[in-house]
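This report refers to the structure that appears directly beneath it.
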Amino acid sequence: MSVLDGFLATWSDAKATFGEGTPETGAKFDQEYLEDVVEDHKKDVKEFEKQSKAGKDPELTKWAAEKLPMVQEHLRLAEAAKAKGASAKKK
């Protein structure tokens, strides 16, 4: 894959996620971004939990179990940032 192909694939993913037109800016963009981050991390935590408990590859299962606390912490931080942004928006 060339650099241009990589960029175009990323651009297509971004358009699929954020839609066409002018992107949001400022606090609204930040809040929408954090909502996406939280949702992605929730999915990641579920996948890491699943792999760490019922994985078929013992090495991967061990790795997932070791990394799960880090992914859970990232989710906690993303939720805190989202909540902080939401409360700042209300002020």
## Note on the structure
Within the stretch 47-75, the count of residues that are surrounded by fewer than 11 Cβ atoms within 10 Å (Cβ to Cβ) and part of a helix (DSSP H, G or I) comes to 5
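For every residue, the table says whether it meets (1) of a type in the set (Lys, Arg); (2) on the phi < 0 side of the Ramachandran plot; (3) modelled with pLDDT of 95 or more; (4) touching a strand residue (DSSP E or B) at 6+ places or on another chain (Cβ under 6 Å).
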position: 13; (1), (2), (3), (4): no, yes, no, no
position: 17; (1), (2), (3), (4): no, yes, no, no
position: 21; (1), (2), (3), (4): no, no, no, no
position: 59; (1), (2), (3), (4): no, yes, yes, no
position: 63; (1), (2), (3), (4): no, yes, yes, no
position: 70; (1), (2), (3), (4): no, yes, yes, no
position: 73; (1), (2), (3), (4): no, yes, yes, no
### Tabulated pairs, the stretch 65-88, first more than 19 Å from residue 31 (Cα to Cα), second surrounded by fewer than 14 Cβ atoms within 10 Å (Cβ to Cβ), C-beta under 9 angstrom, 6+ apart or interchain
65/53; 71/47
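The values are calculated or read from the model by the stated rules, or taken from the named source; none is laboratory data. What you see is a predicted model; the values in this text were computed from it and never measured. Heads up, the Cβs are rebuilt from the backbone with ideal geometry, glycines too, and the neighbour counts pull from every protein chain shown.
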